[in-house]
Amino acid sequence: MSVEDLGGRPVIIGGGIAGLMTALHLAPEPVLLLSRTPLGAEASSAWAQGGLAASLGDDDDPALHLADTLAAGDGLCDGEMASRILNAAPGAIETLAGFGVRFDRIPEGTPRLGLEAAHSRRRIVHADGDGSGREIMRALVAAVRSTPTIEVVEGFEARRLAVEDGRIAGVLMSGPAGPVFFATGRVVLATGGIGGLFDDSTNPLGSCGQGLALAARAGAALADLEFIQFHPTALDGSNRPMTLISEAVRGEGATIVDETGRRFLDGVRGAELAPRDIVARAVWNHLADGHRVFLDAREKPGPAFAGQFPTIASACSKAGLDPARDLIPVRPAQHYHMGGVAVDGSGRTSVAGLLACGEVASTGLHGANRLASNSLTEAVVCARCVAESLSGTPARRTKPAIASDYPSPDPTPVRPLLSRALGVVRDGEGLKAAARTLLALAERKDAASDPAAVGLMIAMAALQRRESRGAHYRTDFPDHAAVARRSEITLQAALAAARELAPALESVT
């Protein structure tokens, strides 16, 4: 194993919007940015269609944005954090424009604002139509590569974080020439989500919760892991990952119908633009009843579809569909993780020297159900907070603390377990059955152990939440608890709780 002494330089793990923005805000302080793939190649950020939510309209303000966010979060948002982030959202748009992001604008020059579910105003800022993530990543990658103080190391995968006396001491990476230890006392996790842990997801399959595993094995606390958002309208076909049909399509008037042409969401408050958890459950239940479900965009946006949503139109064309003439078959798919590594307002975790930003972090903004397009906004705003926190943290020299290598994570054995037990609808017996197998996999110390450890923490958090709230719906506990409480768990606590359940699990079939 080779050792690299970074002289106290911070290490950012992850090359999506959160990681790139953190690195850019740290400049001119030298920083090492590590990416498992070439920058932008497999980042969930690049796949984002919906854009960023910010109160820019004349009829809008941060207080209205906050009210919509709290309503969607179903009683579980951290109101103070949400207010801070959403008040900073308009400035985040200006920051991105300053880095060269070409936002869609009306002839007068102001940003064109779109509407998405559970927003009471048009406040979604797009770039290149439904290619927002791709355009933002283009600009940020170019900015990072032109910043001399940012050293980009591609093709390296983080395997473990070293901890000494409760503080971060470095990162064990695996690269083309084998394991490398980067000695540093400051690490930022910006590794994205958990889509690769599910059979049906709109995210890159390589996003299998490794950031959560790194933090958990370092002893960090994680929060709200049970809250997983399923997007109600993924293109129903054989391709994996699944193609997202952005909520913005419904914002422009498309409707959800079944094979008879009936709008079965008619009786739901908000109908197609109700919060995502409500729409996803309605679609899931309708499919379970033997129906097929489609998105009908033939009248609205109609002939304008391809111009407004070129990425989606292209994907539909490859599937033999023309959205201006054909119904688009859809089904729910895992889309976003509201839970993550527990962080404070500066992105600091419970482990000194370890910070987190983006989807891997849990700030409390999203609560039990993320409001559409708040996630990219959160990543951009919180990246500045993390950078400011890092800048105020003295550099520490450390020494190697890990001598062995670890296998690259393989989530294949975990996917069917989480897909069955932790989908749109859950129940206690299914969660217990999944926990039994996940516990055995997590303790094997092979390629499946890290994904299984993440899955086990999610399953135990879901099992301990004996209510239904937001994206967490249990058929055996269908009602809200009297008091809304955020959850917190560590890997050791999850393992211990699962082992205590082991005798009961033996009887689960």
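The values are calculated or read from the model by the stated rules, or taken from the named source; none is laboratory data. As the structure is a prediction and not an experimental result, all values here were calculated from the model. All Cβ positions, glycine included, derive from the backbone under ideal geometry; neighbour counts span all protein chains shown.
Observations
- Flag if residue 247 is over 20 Å from residue 458 (Cα atoms), among the charged types (D, E, K, R) and either touching a Phe, Trp or Tyr at 6+ places or on another chain (Cβ under 9 Å) or outside the structural domain of residue 442 (by TED's automatic domain parsing) (or both): yes
- Some residue of the range 486-503 being of a type in the set (Asp, Glu) and surrounded by 18 or more Cβ atoms within 10 Å (Cβ to Cβ): no
- Residues within the range 177-201 that are surrounded by fewer than 24 Cβ atoms within 10 Å (Cβ to Cβ), closer than 28 Å to residue 438 by Cα and either polar (S, T, N, Q) or modelled with pLDDT under 95 (or both), tallied: 1
Matching residues to (1) touching a residue at least 60 places away in the same chain (Cβ under 8 Å); (2) of a type in the set (A, V, I, L, M); (3) part of a loop (DSSP other than H, G, I, E, B):
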position: 219; (1), (2), (3): yes, no, yes
position: 249; (1), (2), (3): yes, yes, no
position: 256; (1), (2), (3): yes, yes, no
position: 261; (1), (2), (3): no, no, yes
position: 264; (1), (2), (3): no, no, yes
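- Residue among 76, 70, 33, 56 that alone is in contact (Cβ under 8 Å) with a residue 60 or more places away in the chain, over 26 Å from residue 115 (Cβ atoms) and hydrophobic (A, V, I, L, M, F, W, C): 33
- Being part of a loop (DSSP other than H, G, I, E, B) and in contact with a helix residue (DSSP H, G or I) (Cβ under 7 Å, 6 or more places away or on another chain) is a condition met by at least one residue of the range 474-489.
- Members of the range 90-119 found to be hydrophobic (A, V, I, L, M, F, W, C) and exposed (fewer than 13 other Cβ atoms within 10 Å of the Cβ), listed by number: 106
- Within the range 109-138, being within 13 Å of residue 49 (Cβ to Cβ) and part of a loop (DSSP other than H, G, I, E, B) holds for 116, 126, 127, 128, 129, 130, 131.
- Where residue 476 falls short, out of the listed (1) of a type outside the set (Lys, Arg); (2) in contact with a Gly (Cβ under 8 Å, 6 or more places away or on another chain); (3) at pLDDT 95 or above; (4) buried (at least 18 other Cβ atoms within 10 Å of the Cβ): (4)
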